[in-house]
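Structure first, commentary second.
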Amino acid sequence: MSAESLEPRLDRLESLEAIRQLKAHYCKTADDPACAREFADLFLQDGVLDEGEDFMVLRGREQIYRAHIATWQHTNMNQHFAVSPTIELDGDTASGHWKLLQLITTRSAENEPQAFWACGWYQEQYQRTADGWRFRHVGARIHFCSLYENGWAKGPFDDLLSQETVAAILEAARGNG
């Protein structure tokens, strides 16, 4: 094996591991209300967190940061489990696909805790920067989001947050709340 072939192989392995660590930090900081800035800083300045046009699309670090803070005003607990990654490298860019299992406790309009479980996937784009790999675009889609007591067979799409709450989070994300 020549010395020339070792360096690209090592760069590939280091990049794959760095992207896995980026996703691990995403899960860790998404699940901690004290980590809003750290969570937002995982994205490029103009990065996008896209949870679907029918739910929430955040554009840029500041919207992501403000939405993180606003979301935790309605959330008691959140646990993201991102597994089974496939990552494709292309120089200083990459794309990835992850499966998602998420356990969430929100507060109802009556301020009662509501436990949910959600399952879906992430489709992501990454960019290598001088500070390491960052998210260019995180697309999250849900196969089901169900109240814990109902399960996905009885209620595959229960309301995690009311439309009014989502609207308030989006207003805060845009700096209007």
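The values are calculated or read from the model by the stated rules, or taken from the named source; none is laboratory data. Everything numeric in this text was worked out from a predicted model, so none of it was measured. Using ideal geometry, Cβ is built from the backbone for each residue, glycine included, and neighbour counts are taken over all protein chains shown.
Before we move on, is D32 within 17 Å of Q102 (Cβ to Cβ) and charged (D, E, K, R)?
Judged against the criteria, D32 is a match.
Please pick out the residue among E88, E164 that is charged (D, E, K, R), assigned to a strand (DSSP E or B) and exposed (fewer than 14 other Cβ atoms within 10 Å of the Cβ).
One residue alone meets the criteria, E88.
Looking at region 29-43, which of its residues are part of a helix (DSSP H, G or I) and of a type in the set (A, V, I, L, M, F, W, C)?
A30, A34, C35, A36, F39, A40
Taking R12 as meeting all but one of (1) under 12 Å from the mean Cα position of the chain (by Cα); (2) among the basic types (K, R); (3) more than 30 Å from A109 (Cα to Cα), write down the number of the exception.
Only one criterion is unmet by R12, namely (1).
Of all residues in region 131-145 being in a strand (DSSP E or B) and among the charged types (D, E, K, R), which is surrounded by the fewest Cβ atoms within 10 Å (Cβ to Cβ)?
Filtering region 131-145 for residues that are in a strand (DSSP E or B) and among the charged types (D, E, K, R), the one surrounded by the fewest Cβ atoms within 10 Å (Cβ to Cβ) comes out as R141.
Six or more apart or on different chains, Cβ atoms under 7 Å: show the pairs whose first residue is in region 161-177 and more than 19 Å from N78 (Cα to Cα) and among the basic types (K, R) and whose second is buried (at least 19 other Cβ atoms within 10 Å of the Cβ) and at pLDDT 90 or above.
Note: pairs meeting the criteria are R174/Q63.
Note down all Cβ pairs under 8 Å where the first residue falls in region 94-114 and is within 15 Å of Y26 (Cα to Cα), the second is β-branched (V, I, T) and outside any strand (DSSP E or B), and they're at least six residues apart or on different chains.
Once the first residue is within 15 Å of Y26 (Cα to Cα) and sits in region 94-114, its partners that are β-branched (V, I, T) and outside any strand (DSSP E or B) give G96/I19.
Quick one: F157 ticks every box in (1) touching a strand residue (DSSP E or B) at 6+ places or on another chain (Cβ under 7 Å); (2) closer than 30 Å to S15 by Cα bar one, so which box is it?
Going through (1) touching a strand residue (DSSP E or B) at 6+ places or on another chain (Cβ under 7 Å); (2) closer than 30 Å to S15 by Cα one by one, F157 breaks only (2).
Looking at (1) farther than 22 Å from A173 by Cβ; (2) in contact with a strand residue (DSSP E or B) (Cβ under 9 Å, 6 or more places away or on another chain), can you tell me which one N111 breaks?
(2)
Considering each residue of region 108-130, count those that are outside any strand (DSSP E or B) and at pLDDT below 95, and give that number.
5
Matching residues to (1) hydrophobic (A, V, I, L, M, F, W, C); (2) surrounded by 12 or more Cβ atoms within 10 Å (Cβ to Cβ); (3) outside any helix (DSSP H, G or I):
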position: S5; (1), (2), (3): no, no, no
position: D11; (1), (2), (3): no, yes, no
position: L16; (1), (2), (3): yes, yes, no
position: Q21; (1), (2), (3): no, yes, no
position: A24; (1), (2), (3): yes, yes, no
position: C27; (1), (2), (3): yes, yes, no
position: Q45; (1), (2), (3): no, no, yes
position: I64; (1), (2), (3): yes, yes, no
position: H68; (1), (2), (3): no, yes, no
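Would you pick out the residues in region 47-62 that are free of Cβ contacts under 8 Å to residues at least 12 places away in the same chain and either closer than 18 Å to A24 by Cβ or in a strand (DSSP E or B) (or both)?
Within region 47-62, just V57 meets the criteria.
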